[in-house]
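Reading through the structure tokens given below for one structure.
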Amino acid sequence: MPTSGNDSLTGSFLGDLIALLEGDDTYHGLAGNDTIDGEAGDDVLSGDLDDDSIKGGLGFDLLLGGEGNDTLEGGLDNDTMDGESGNDLMLGGEGNDWMKGEQGRDTMDGEAGDDTLEGGLDDDWMKGEQGRDLLLGGEGNDTLEGGLDNDTMDGESGNDLMLGGEGDDWMKGEQGRDTMDGESGNDTMEGGSGTDWMKGEQGDDVMYAASEDGNSFGRDTLDGGIGDDSLIGGNGAQLLIGGWGNDTITGGDDWFTADTDTIEGGGGNDLLISGQVLTPMTAFQARGDIMSGGSGTDSIVGGAADDVLYADAVSGNAYGRDTLDGGAGDDELFGANGAQLLQGGSGNDTITGGDDWFTADTDTIEGGSGDDLLISGQTLTPTAATQGNGDIMSGGDGMDTLEGGAADDLMSGGADADVFVFAAGGGVDTITDFEDDIDTLDFSAIGALSYSLSPDGSGNTEVLADGTLFLIVEGIDPFPLSDDVIL
């Protein structure tokens, strides 16, 4: 019989029902479905065989489930629970509790307090509830829920689901195909190996496709959600989405795989950076990243490989004043509505300005070094035609091709032999640095219209198609210029 002192008791091979009194008690249930209530005191309670119900009560208790599907309740103080084998239910109660599932599909709820929950070998479910909790999934496909405060979750091995809840949470996927949802709060997420999916939801989140060592090779998806987020890719072809807010997104270096990341800024003023570097293992492939800015004023920076940069998503309906820099590699840059700066960098780049169909803004297009193709994408509508603002196009070093658009473009070929291409129906374009016997005017797209060259009295040449002025070539007379025309 239990007393008010410190008792050490052993149950029977039947199902026992026992309520211990005050004191630091030890009870070993043996076989049968036992119900054990430790009440007050620092107790050691073991269910042993079969399906037991063990409650610690007051005090710092140690609860051991043994075999069977057990229910362990910690009570008011800092308790330690080990479900051992079986599909166990553990409830921490108040206090800073420690729970471990071991074998079986276990369910753990830390309830109040700063709790530590460890999953064990199988598919476990755990929730921290109130307090700053530590949740460790262990092996198996686990579900981890943080609860109300700043929690730490590590899925470890298996395909795990992690839900941050409220608070500023830290989540790590480790091995397996993991899903992480930060929910509210400023959360930090690390993917690990495997193909992971992460969403920040609300708050200013930091998301890593890989763990700190950077050695992820999965095809991960990172979505920042609402807030000013930081997204960092790893090795592997990843999808990085900023969502709403002023986001900073850096693609993976892909130093081993040479994969292509897709980077989308979303709403807000975003900074998009291709993190790709070229090594002897990846240089022969040179597959770059695909990046699009979205609405807002974005900065998009390409990496060492061949990148594709969009001022907006494929719809082209951004109105921000974006900056696109292709960096090294043979890049493709596409502007959108709004006054944009498009810089090819080194490499043989293709740059197309935005059509600016609504805003009639001026893009600045700079090819940089390399043999570049620069295209003014501007089209004129009744809204834009009255303004006539064209693009500013600069080829830089290399043998560049510059194509004017529908508005009045300002063109500079830069060093080396450049080709300036014109079509019927464009604006009045100006070339500022045409070099005789080096550069070329391509009028083949004008069609059947007859053209003529005439001086303007200031040392420049005016070019007309069927009597309509469409080009001014500065600093050169008509006579030598006529030999530089392709019809």
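With contacts taken as Cα pairs under 8 Å at a separation of at least 6 residues, the chain carries a relative contact order of 4 percent.
By the beta-carbon count within 10 Å of each Cβ, the least crowded to most crowded order of V473, V301, fewest first, is V301, V473.
Within the same chain, lysines fewer than 8 places from K127 are excluded, and of the rest, those with a Cα less than 17 Å from its Cα are K100, K172.
Using bins of 10 Å that start at zero, the share of Cα-Cα pairs per bin across segment 401-487 amounts to 18, 59, 22, 0, in whole %. Residues I263, I36, I476 in ascending order of nearby Cβ atoms (within 10 Å, fewest first): I476, I36, I263.
Other residues lying with their Cβ under 9 Å from the Cβ of G427 contribute a combined charge of -3, Lys and Arg counting +1, Asp and Glu -1. For segment 37-114 versus segment 389-427, the inter-centroid distance based on Cα atoms is 76 Å.
Database remark: amide H of T116 closer than 5 angstrom to the amide H of D97, W98, M99, L134 (H placed geometrically; neighbours at sequence offset of 5 or more, or on other chains; Pro and chain starts carry no H). In plain terms, the residue of Y27, Y451, Y310 with the fewest other Cβ atoms within 10 Å comes first and the most crowded comes last, giving Y451, Y27, Y310.
Of all DSSP bridge pairs formed entirely within the chain, close to 5 percent run antiparallel. Computed per residue of the chain from DSSP H runs no shorter than four, each worth -39500 (n - 2.57), the mean residue ellipticity at 222 nm is 0 deg cm²/dmol. Per residue, the convex hull spanned by the Cα atoms of segment 41-168 amounts to 60 cubic angstrom. Computing percent of Cα pairs over 38 Å apart for the structure here picks out one of (1) 42; (2) 60; (3) 48, namely (3).
Near the amide H of L374, within less than 5 Å, lie the amide hydrogens of I351, T401, L402, E403, all on another chain or at least 5 residues away, with H placed in the peptide plane.
Where a number appears in this text, it was derived from the coordinates with a stated rule and is not lab data. Bear in mind that the values here come from a model prediction, so they are computed numbers and not experimental data. Here the Cβ is made from the backbone with ideal geometry for all residues, glycine too, and neighbour counts use every protein chain on show.
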